[in-house]
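Peer 1: First, the structure itself, so that you have it in front of you.
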Amino acid sequence: MDREQLSHAMKRGHVFRAKFRLNASNRTEAFCTLEGLPSDMTIRGEVNHNRAVEGDEVVVLAFKLKDWFVVYKEREKLAEAGLLPEGKADPLALAEELANMAIAANDDAGVAAAQSPWTVAGGTEAALKVIEDALRARPDMRVTGKVVAVLEPSPRREAIVGVLLTPAAAMAAAAAAGGSSSSAALPPPAAAAAAALASGAYEGCLMLVPLDPRLPKGLLPPGAVAELPEELRAEAAATDLTSRTFVAAAISQWPAGSAFPLVSVRTSLGPTGDIEAGTAALLAGEGIREEDFCLETYACLPKVPWSISPADAATRADFSAWRIFSIDPITARDLDDALSIQPLGSGRWRLGVHIADVASFVKPGTALDEEAQQRGTSVYLVQRVLPMLPRLLCEHLCSLQPGDPKCAFSIVWEVDENGHIYKEWAGRSIINSCAKLAYPMVQQMIEGCFDPGTWPVKLFHGVTWEQVIFDCMALHGIATRLRSARFGSGALRLTNTKLSFALDTGGNPVSTSAYVQAEANHLVEEFMLLANMRVAGIIARAFPKHALLRRHPPPSERKLEEFKAAAATLGVTVDSSSAGALQASLNAIRAACQDDAAREVIMLLATKPMQLAQYFCTGEALLPSAWRHYALAMDMYTHFTSPIRRYPDVIVHRLLQAALELQQQLQQPDNAELLTAPIADSAEVPEPVEVVAAPSSSSSAAAAPASSAAAGGAGDAAAAAAAGDDEAAEAAEAAGVDAAKEAAAAALLAKHQLPDAQTMCRIAKHSNDTKYSARMASDASLKLYLCIMLKQQPVVTWAVVAGVGGDRFCTAYLPEFGQETKMYLDQMGVPLSGSFEEASQTLTISSSSSSSPEQDEDSSSASLEPAAAVQEEEELQQRKQQLAPELLLASTDFDLQQWLHRLPQGVSNRQHIGHAQLPLQLQVFSRVPVVVGTVINRVTCHPTDLAAKIWLDCGAGSSVEQAAAAAAAAAAAQQGEVVPSAMALETLLED
């Protein structure tokens, strides 16, 4: 179909637009999320993938009802419970009956309509509703389909990172990983590739094996191979290397019928297994720019030394005499936000949120603006930060460092001790921060143990520590009330372990610890949320078709059901009717579970159903009900508070300035008198309150009236008396926007060079992509450092079972590292057998009497003559001795005793954890001792993942302990200074 035909088919609900996602563990399986469906569309088989690549925007066709996939375990459960529909209540049976009637009437169109009833629903929304109804009637079914077109190619097509091998070596490695050496057992594309290899079709080619298992292997044609450096060609032909070279490549074309795309190599990135080369690889794989800013970008920067001009100062409110300070991580240099609070008497406070005025430096349409938009966000790695803006801006001119006048965009409220807003002012300002505070400092103030002498922090402008402590405690008191009200109105918070590394002077990881968010973090978070929510309301009312907001769709219903089943093992019923009800259920589970590690597993399981929050333009064809932020329980939300590191915030600043000018033109009150209200001589600090979630499903009703003006416990308590912006805007919306206001709004959008709705939608989509890529790169950086650290010395720690997969494996969560891994019994390194009891969901692990896991896997060895079997076993043992131990960690060839004996530094067992005793019974939330090491990919020779093996006594204990003690002593003697990693922990506050 051409573009016009596709557009017509999508409008009629015959096909649907979606993002293509591949299963990293099984490339033959892919998924597409369709809005409103309780489960994803499954696309099975590479033929149906139709050459789509991870992240492509595709058009998918849903298969006929009779071709949908049935999850037989779910079907059995429904049947046992008597919940399988019968007769016409079963959409599959109804479709068959209607199709038979149409066949009898020779009605071909009727047959097609019966088998695919959504195609006659009359539009996309109606078609999806038909599919949704069918899935709800038959929860055991999954809609299946195929890709019919790629609308927008994924940026990953331009950024495939991997290593080069000969096609024979690459395909042999793939066959070995898949456990099959027969082309007859391969799926059609792989079988065709094997046949092509055998016929010599790939003669002179090299194959790119990607580091990301979701991406396709690629062929480098002979002409391109000839242009490669000699060392890369030689490396590709070698088979016994312990390190290879990462290359970055792009897909040049993917001919129809070909198993592999053609690729072109862009550059080499360095040796696998190296931290810097690994970092370059993960950045290239996410399409993230690592190079410096171009000369055109630097030409947009102001000359230094720089100061605020008198003309600019005349247009700003002057808050330089206010007591304002920032609260950030200790290592932060890009200070986006600062706070102020002043008592007004009678229980009222003047509370200010002051955000770096980046938009004043980043002018629309300039090279600097284009570069910031393209980068989208700063990227935080363990060892460094890749800034969105040149460091002159993000660390100096824009950063709200203390002691110097800075340009800010401020929002100031008159509030009471509960955070209820009585007046609001917003506008550009000048501030002069008195201090750069750190979260641990403020936490000590909250806990009453702060000693200024222990912190090398300078106060400016004659401010005293008593004043700063007073302000922080006042902010803390109000923040706890805002937080309590927000959770009481249905908000949800899910957190998992975030690691922080200590690095030696060579930049290598030496230890790790979990970063814990405390009340000081929550203090800042509450006021940032409040500012973002209030700004969302202002810009959405001013520009209902142009505002850039952030939405969070509800979670996946199917995955929520899985979480409910896991919670039921604790005897707790989960109410998922709303975010608040889910939060209340989580609190109940926490209370029922006394194990901190198991609580983390609960958070992990509750996180899995959640979808990603997304930027969007209000001009998109979305109903206002779809604007809602599920987790925050807010009707409208945006990002305003971090313009130094997020481009959408820069756009929102421009929108806010235009909206304020529109209010002025419409002669709406700006509450400027709030800025000059006299400060009270004394005031009592609001007492902090305990934060609790909504107690029951009634929270969904409590959340319903929360609007962009009232969500988060910050409603306009004096709306009737103030009769300000909100009432005027609501009245205007109720009556319809008049032509004068619309014309004024259009003129202001043009004045501030704000994009039209279509362009704003593209910016929102690109921002979603760059934010996701930055997040993936940050997570990959953490995992790379963790893998490098555990490669040097594996660690004995506790794992908590997060899921049981029958009698073959279980999923384990490692609380010490915040990571999840699968533990397959045939890869534990000792002969084990498993027995799974369905009723209790219990996996019993026992010592196996079988001679070796390899013989269980390969039944062909049973037919060998005794001499041949002995020879095969000897060859197998020889192969295992030749391979580095970490190459076998994810293999059935793994031998735990041999691995432990060959570790030069032994294992670290700081917690003195004893061995597991067999038989071992595991259920969800069971604790099991494990030893965690690093998996080195046999093809790329790069650390790719963690592997956890049950910590069993296999006779290696004493030597392992001695080696570990000796290694620890040597490391202590050579380590030198330990420095913290550069990972910006404020990025934990994603919304």
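Peer 1: Grab the Cα-Cα distance for residue 198 and residue 133, subtract it from 0.36 nm times how many residues apart they are, and report the gain in nm with one decimal. Present the calculation step by step, with values, prior to reporting the outcome.
Peer 2: On the way: separation 65, 0.36 × 65 = 23.40 nm, distance 4.88 nm.
In short, 18.5 nm is gained.
Peer 1: Turning to a different aspect of this structure: Would you mind getting the accessible area per residue of the chain, heavy atoms of the protein chains only, 1.4 Å probe, in Å²? Present the calculation step by step, with values, prior to reporting the outcome.
Peer 2: Details: 42570 Å² over 991 residues.
Result: 43 Å² per residue.
Peer 1: Something else: To the nearest 20 Debye, how big is the dipole of the stretch 53-140 about its Cα centre, given +1 on the beta carbon of each Lys and Arg and -1 on that of each Asp and Glu?
Peer 2: Working: 9 positive and 17 negative charges, 48 e Å.
My answer is approximately 240 debye.
Peer 1: Another one. Using alpha carbons only, how many angstrom separate the centre of the stretch 521-559 from the centre of the stretch 21-41?
Peer 2: Cα centroid of the stretch 521-559 versus Cα centroid of the stretch 21-41: 27 Å apart.
Peer 1: Going by a ≥ b ≥ c, the root eigenvalues of the Cα gyration tensor, does the stretch 446-537 fall in the rounded group (a/c under 1.5), the prolate group (a/b larger than b/c) or the oblate group?
Peer 2: Details: a/c = 2.17, a/b = 1.16, b/c = 1.88.
Judged from the Cα gyration tensor, the stretch 446-537 comes out oblate (a/c at least 1.5, b/c at or above a/b).
Peer 1: Which FRET efficiency, nearest 0.05, do residue 240 and residue 152 yield, Cβ-Cβ r, R0 45 Å?
Peer 2: Working: r = 42 Å, r/R0 = 0.94.
After rounding, the FRET efficiency stands at 0.60.
Peer 1: Let me ask you something else. Calculate what fraction, in whole %, of the accessible area of the stretch 106-153 sits on carbon and sulfur atoms when a 1.4 Å probe is rolled over the protein chains.
Peer 2: On the way: 1070 of 2040 Å².
Carbon and sulfur atoms account for 52 percent of the accessible area of the stretch 106-153.
Peer 1: What is the Cα centroid distance between the stretch 781-817 and the stretch 46-92, reported in whole angstrom?
Peer 2: For the stretch 781-817 versus the stretch 46-92, the Cα centre distance is 33 Å.
Peer 1: Of 301, 209, 409, whose Cα points farthest to the positive end of the dipole of the chain (charges on the beta-carbon: +1 Lys, Arg; -1 Asp, Glu; origin at the Cα centre)?
Peer 2: Towards the positive end, the residue furthest out is 301.
Peer 1: Right, next: Could you tell me which residue out of 325, 926, 786 lies farthest along the dipole of the chain toward its positive end? Charges go on the beta carbon: Lys and Arg +1, Asp and Glu -1, centred on the Cα centre.
Peer 2: Highest projection toward the positive end goes to 325.
Peer 1: Among the DSSP beta bridges whose two residues both lie in the chain, what percent are antiparallel, rounded to the nearest 5? Can you show the working numbers first?
Peer 2: Details: 115 of 126 bridges.
Bridges in the chain are about 90 percent antiparallel.
Peer 1: Please report, in debye to the nearest 20, how large the charge dipole of the chain is about its Cα centre when each Lys and Arg carries +1 at its beta carbon and each Asp and Glu carries -1 there.
Peer 2: On the way: 80 positive and 116 negative charges, 203 e Å.
About 980 debye.
Peer 1: Based on the alpha-carbon gyration tensor of the stretch 792-838 and its eigenvalue square roots a ≥ b ≥ c, which shape applies: rounded if a/c is under 1.5, prolate if not and a/b is larger than b/c, or oblate? The partial results should precede the final answer.
Peer 2: Details: a/c = 2.92, a/b = 1.44, b/c = 2.02.
Judged from the Cα gyration tensor, the stretch 792-838 comes out oblate (a/c at least 1.5, b/c at or above a/b).
Peer 1: Only helical DSSP H runs with n ≥ 4 go in: add -39500 (n - 2.57) per run for the chain, normalise by residue count and round the 222 nm mean residue ellipticity to 500 deg cm²/dmol.
Peer 2: On the way: 30 runs with 353 residues, N = 991.
Estimated from H runs of four or more residues: -11000 deg cm²/dmol.
Peer 1: To continue, here is another question. Where a Cα-Cα gap under 28 Å defines reach, which lysines qualify for residue 545, not counting those fewer than 8 residues away within the same chain?
Peer 2: 11, 19, 129, 363, 423, 741, 751, 765, 771
Peer 1: Now for a separate question. What nm distance separates the two modelled labels at residue 69 and residue 108, each placed 7 Å from Cα along Cα→Cβ?
Peer 2: Simple spin-label model gives 3.2 nm for this pair.
Peer 1: Under a Cβ-only charge scheme (Lys and Arg +1, Asp and Glu -1), can you give me the dipole magnitude of the stretch 363-497 about the Cα centre, in debye to the nearest 20? Can you show the working numbers first?
Peer 2: Details: 13 positive and 13 negative charges, 72 e Å.
Charge dipole, the stretch 363-497, about its Cα centre: 340 debye, nearest 20.
Peer 1: For residue 258, what accessible surface area do you get with a 1.4 Å probe? Give it in Å², rounded to 10.
Peer 2: 40 Å²
Peer 1: Now for a different question. May I ask you to list the residues of the stretch 387-403 whose amide nitrogen lies under 19 Å from a point 7 Å from Cα along the Cα→beta-carbon direction of residue 309?
Peer 2: 393, 397-398
Peer 1: Tell me which residues come under 5 Å, amide H to amide H, from residue 907 once H is placed; ignore anything under 5 positions away on its chain.
Peer 2: For residue 907, the qualifying residues are 964.
Peer 1: Ok, one more. Rounded if a/c is under 1.5, else prolate if a/b beats b/c, else oblate: with a ≥ b ≥ c from the C-alpha gyration tensor eigenvalues square-rooted, which is the stretch 210-329?
Peer 2: Values: a/c = 3.11, a/b = 2.67, b/c = 1.16.
Because a/c hits 1.5 or more and a/b exceeds b/c, the stretch 210-329 counts as prolate.
Peer 1: Could you check the simple spin-label distance between residue 837 and residue 230, using points 7 Å along Cα→Cβ, in nm with one decimal?
Peer 2: Calculated label separation equals 6.8 nm.
The values are calculated or read from the model by the stated rules, or taken from the named source; none is laboratory data. Everything quoted here is computed from the prediction, not taken from an experiment. Cβ sites come from the backbone with ideal geometry, for glycine too, and all protein chains shown count toward neighbours. Areas reflect the complete protein model, heavy atoms only, side chains present, ligands, DNA and RNA absent. Shrake-Rupley method; radii C 1.70, N 1.55, O 1.52, S 1.80 Å.
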